[in-house]
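The values are calculated or read from the model by the stated rules, or taken from the named source; none is laboratory data. Treat the numbers as computed from the prediction; the structure is a model and nothing was measured. Cβ placement follows ideal geometry from the backbone for every residue including glycine, while neighbour counts extend to all protein chains displayed. Surface accessibility is based on the protein's heavy atoms, side chains included, excluding ligands, DNA and RNA. Shrake-Rupley method; radii C 1.70, N 1.55, O 1.52, S 1.80 Å.
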Amino acid sequence: MDYMTVQVITPAGIIYDHHASFVLLCTESGEMGIYPKHVPIIAPLKIEEVKVRRIDDDSHVDWVAVNGGIVEVNDNQVNIIADTAERERDIDTSRAQRAKLRAEKELEAAKAERNINAEKRAEVALHRALNRINVSSHLGQ
């Protein structure tokens, strides 16, 4: 069976490191599915979830919340470099919910003040919180 090694790396260290038969992620150009023997590529990533199908069982899927970064695919090695990333099992859902509420309030205030920079920061914070909440919902599936 062909497989790839998938690593998610942040400044805090390696967050994820397993063998996989398939990876689904979202680049700035759209969704990308990666199988073993994929052509070499480097692409910027969106704030989105990454789906990794492990080699031990087709139903064994890991989810990782990635907050932007890049993906590099070369010689059956998939490296995802991100500022921050969390596996579904490591996400504190109540903290993510609080971050979502905080970002929504900041977004409202920025729109009322017509502060474009604060609005963009709040939109990114909201997107990150929603991504973490979405990934945490996969736990136990």
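Conditions tested, residue by residue: (1) over 13 Å from the mean Cα position of the chain (by Cα); (2) surrounded by 14 or more Cβ atoms within 10 Å (Cβ to Cβ); (3) in contact (Cβ under 8 Å) with a residue 24 or more places away in the chain.
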site: Pro44; (1), (2), (3): no, no, yes
site: Ile55; (1), (2), (3): yes, yes, yes
site: Val66; (1), (2), (3): no, yes, yes
site: Asn74; (1), (2), (3): yes, no, yes
site: Glu88; (1), (2), (3): no, yes, yes
site: Ala96; (1), (2), (3): yes, yes, yes
site: Lys100; (1), (2), (3): yes, yes, yes
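Could you identify the single residue in Ile91, Ile70, Ile80, Ile55 that is touching a helix residue (DSSP H, G or I) at 6+ places or on another chain (Cβ under 7 Å) and aliphatic (A, V, I, L, M)?
Working: Ile70 fails: touching a helix residue (DSSP H, G or I) at 6+ places or on another chain (Cβ under 7 Å); Ile80 fails: touching a helix residue (DSSP H, G or I) at 6+ places or on another chain (Cβ under 7 Å); Ile55 fails: touching a helix residue (DSSP H, G or I) at 6+ places or on another chain (Cβ under 7 Å).
Within the list Ile91, Ile70, Ile80, Ile55, the selection yields Ile91.
Which members of the stretch 11-38 meet the condition of being of a type in the set (Gly, Ala, Ser) and farther than 16 Å from Asp62 by Cβ?
Matches in the stretch 11-38: Ala12, Gly13, Ser29, Gly30.
Can you name every residue in the stretch 19-42 that is closer than 13 Å to Asn79 by Cβ and open to solvent by 30 Å² or more (accessible area, probe 1.4 Å)?
His38, Pro40, Ile41, Ile42
Out of Arg121, Arg132, which single residue is in contact (Cβ under 8 Å) with a residue 12 or more places away in the chain, under 18 Å from Leu25 (Cα atoms) and either buried (at least 18 other Cβ atoms within 10 Å of the Cβ) or over 14 Å from the mean Cα position of the chain (by Cα) (or both)?
Arg132
One residue is enough: does the stretch 116-137 have a residue meeting the conditions under 30 Å from Asp62 (Cα atoms) and in a loop (DSSP other than H, G, I, E, B)?
Taking every residue of the stretch 116-137 in turn, at least one turns out to be under 30 Å from Asp62 (Cα atoms) and in a loop (DSSP other than H, G, I, E, B).
I'm told His19 meets every condition in (1) under 23 Å from His138 (Cα atoms); (2) without any contact (Cβ under 8 Å) to a residue 12 or more places away in the chain except one. Can you identify the failing condition by its number?
Only one criterion in (1) under 23 Å from His138 (Cα atoms); (2) without any contact (Cβ under 8 Å) to a residue 12 or more places away in the chain is unmet by His19, namely (2).
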